[in-house]
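Enquirer: This structure is in structure tokens; I'll ask about it shortly.
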Amino acid sequence: MKKYSWLILFFVYGCAVRSVYIPTTQNVFLPDDKKQLTTNAYAGSNHIELQAACNPINHFELGLNLNHGKGIRIYEGFIGIYGFSKANSKWRYELQGGYGYNNNFLEQNNAWFSIFQQEKSSYETYSTYNKYFFQTSFGYFSKIEIYKLSYSFALSLRGSYNHFDKYIYRENSTSSINNINKEYYNKNLYLLEPCITNKVGMKNIAGVIQGQFMIPYSKQIDVSYTKFSPVFILSIGLQYTFVNTKKNKQV
């Protein structure tokens, strides 16, 4: 039981410790030949993330991501195109392009942080940045008829260009020698975020488990402080889908 307790603490620790760049869960829509609207909700230790996506016309989709929490304000929108296997819609794919505005501020004192390490320290993150991204996804959809369950498995890759108006990370420790102060203004950072998304549900409700990696790169910024949070991010959420049962006329 003790080892599972530490495993739980590890994931809580990963969600709560903030970096200057905040990864958002990927909106993996992948619709079929029906018009539909999906809404997703994810809750972390310090934020709530809401997503919506729809396909108003054949092969065209759009969506919105909102992330709010303690010092977190993220607004993202995207448009995209999609397709699927005509025989049974089991295989689906999509390509999205979008924009996001991000504002991140946190002052963390040593009271919470010292639980996990002996050297007491405090840190501060402060960043505002504009995010331009593309995301491509490929997924498989099927059903387990005997249990009336549907499931999907998808691989996606998001690439982004992030322009930081302000990028500040400060860390204070008991020893002044180890203090860190990183400040950048009007600098650029690039990221690749490979991702795996699994959905299992019944009727219109599904549980979502998503895991993604962060691979940052910049010649202008010390990227080690964008990975202050774990390089691997695990998200668990719920999805509700509104479906128009009348099939779209295919073009």
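Enquirer: Once both labels are modelled 7 Å past Cα along the beta-carbon direction, what's the LYS90-LEU149 spacing in nm?
Expert: My value for the distance between the label points is 1.8 nm.
Enquirer: Additional query: Could you tell me whether segment 2-243 comes out rounded, prolate or oblate from its Cα gyration tensor? Rule is a ≥ b ≥ c as square roots of the eigenvalues, rounded for a/c under 1.5, then prolate if a/b exceeds b/c, otherwise oblate.
Expert: prolate
Enquirer: Only sites in a loop by DSSP and with at most 15 other Cβ atoms within 10 Å count here; which trypsin sites (Lys or Arg not before Pro) in segment 70-113 make the cut?
Expert: Answer by residue number: LYS70, LYS86, LYS90.
Enquirer: Something else about it: Let me check I've understood the local charge: for SER235, count other residues with C-beta under 13 angstrom from its C-beta, Lys and Arg +1, Asp and Glu -1. What total comes out?
Expert: -1
Enquirer: Can you give the local net charge around TYR190? Use residues other than it whose beta-carbon is closer than 12 angstrom to its beta-carbon, Lys and Arg +1, Asp and Glu -1.
Expert: Local net charge: +3.
Enquirer: For segment 2-243, give the magnitude of the charge dipole about the Cα centre (Cβ charges: +1 Lys/Arg, -1 Asp/Glu; no others), in debye to the nearest 20.
Expert: The dipole of segment 2-243 has a size of about 460 debye.
Enquirer: How far, in nm, would the chain grow between PHE213 and GLU124 when pulled straight, counting 0.36 nm per residue and subtracting the alpha carbon separation?
Expert: Full extension of this stretch gives 29.7 nm more.
Enquirer: To the nearest 0.05, how large is the calculated FRET efficiency for PHE228 and LEU64 if R₀ is 30 Å and r is the Cβ-Cβ distance?
Expert: Using R0 = 30 Å, I get an efficiency of 0.65.
Enquirer: Report the relative contact order of segment 2-243, percent, no decimals, based on alpha-carbon pairs under 8 angstrom and at least 6 residues apart.
Expert: Relative contact order comes out at 18 percent.
Read the figures in this text as sums done on the coordinates, not as results from a lab. Just so it is clear, the structure is predicted and the values come from calculations on it, not from any experiment. Reconstructed Cβ throughout: ideal geometry from the backbone, glycine too, with neighbour counts over all protein chains shown.
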